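Below is one structure; the comments refer to it alone.
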Amino acid sequence: MNTAKSPRGIQEADVWAAADALIAQGLRPTIERVRQHIGRGSPNTVSPLLEGWFATLGPRLGVSESAQAPADDVPEPVRQAALQMWQAALEQSKQAAQLQLQEREALIAGAEKTLAANEQHLVQREEAMHQQKKAMDEAMKLARSQAQELSRRLDEMQQLLQERESSIQALRLELTAKLQQREADQQQHAEALQAAAGERQRLVEQFAGNERRMLADLDRARQDLAAQKKQQSDGEKRALARHEELHLRFVQSEEALVQARGGQLSAEQALRAAQERVADLKALAAARDPQLQAPVAADAAARLRSARPAAPRRGLPAKTLRKNRR
């Protein structure tokens, strides 16, 4: 008896022992009864092992065709019963084997159909996967190209950013220097404006003093002239001499006034030049910083208004003096 272990873990001895036990109980060994007696095993595993048991049953019972004479130790009724049981079991086994064969053929046909469908599906999937792989390869190639282009652009942008940062730093240094220069120019301009304002005030006061003295002299001359008209010709001569003297003083005063006005015009021209310089500096600063445009314009207008000199008082024209002289 072969004791090799089956693929399912059922041994031939287990099947044969179960079949012998069923025979001892008066039951015909079948695949299902053997499985129930053992408690495990599939029909496909039990069936060939049970067929092997049936194949050895005849020789064991002494009813094999190759036997020349029946065994003397087996009673005839038992031999006949065993033979009938053997034939019935053999017929049932053949029927069961035929049924299993048909079932297996049906399963094989279904499996072949399923296998063909699976093969077709696999071919389609393989083709789809091939197309997907091709598309993915193209996408990867495009992605690598785009990545290289992006990397190149990133390097260019980083280089450009570094250049811009260097330019911004240089512009900041230049702006700082120009702001310092503008502050120095503003200080100088303020000092110049202060000096010009003092000079203008001095000239105005001087002109006012000269005008007051001139008016006082004219008043005295008129009084003297009125008194001298009552006198004789010698009084008229003295009045004429006095008038000539006053006229000379007036001419001298006008000359001094003209000189003062010339100095004032020179101061105003210097002031305007300084104001234009300040306006240019402020315009340059405003062009660098747009937030300074409005304050710069307002400050320039305010300085221009404050720097305009007051209109000087004009002296008496020479025509009036000639009239008084007559």
Tell me which trypsin sites (Lys or Arg not before Pro) from the range 155-256 have a DSSP coil assignment and no more than 14 other beta carbons within 10 Å of their own. LYS229, LYS230
Starting from the 7 Å offset along Cα-to-Cβ, what nm value, one decimal, do you get for the label separation of LYS113 and LYS141? 4.4 nm
For the range 143-272, alpha-carbon Rg and Dmax in angstrom: 36.5, 126
Output for the range 78-150: trypsin sites (Lys or Arg not before Pro) sitting in coil per DSSP, at most 15 other Cβ within 10 Å, listed by number, reads none
Estimated vicinal HN-Hα couplings, Hz - the range 149-166 in sequence order (Karplus 6.51, -1.76, 1.60; Gly, Pro = x): 5, 5, 5, 5, 5, 5, 4, 5, 5, 5, 5, 4, 5, 4, 5, 5, 5, 5
Using +1 at the C-beta of Lys and Arg and -1 at the C-beta of Asp and Glu, which of LEU173, LEU122, ALA147 has the Cα lying farthest in the positive direction of the dipole of the range 100-219? LEU122
Might you work out the accessible area of VAL251 for me, using a 1.4 Å probe with all protein chains in place, and round it to the nearest 10 Å²? 40 Å²
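Mind checking the dipole of the range 84-208: about its Cα centre, +1 per Lys or Arg Cβ, -1 per Asp or Glu Cβ, Debye to the nearest 20? Each step should come with its number before you reach the end.
Numbers: 16 positive and 20 negative charges, 12 e Å.
The calculation lands at about 60 debye.
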Largest first, how would ASP137, ASP185 line up by accessible area (1.4 Å probe)? ASP137, ASP185
If amide hydrogens are placed 1.01 Å from N in the peptide plane, which non-local residues have theirs closer than 5 Å to the one on GLN11? SER6
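The values are calculated or read from the model by the stated rules, or taken from the named source; none is laboratory data. Computed from a prediction, not measured in an experiment: that's the story for all the values here. Glycine also receives a Cβ, built like all others from the backbone with ideal geometry; neighbour counts cover every protein chain displayed. Calculation scope for accessible area: heavy atoms of the full protein, side chains included, ligands and nucleic acids excluded. Shrake-Rupley method; radii C 1.70, N 1.55, O 1.52, S 1.80 Å.
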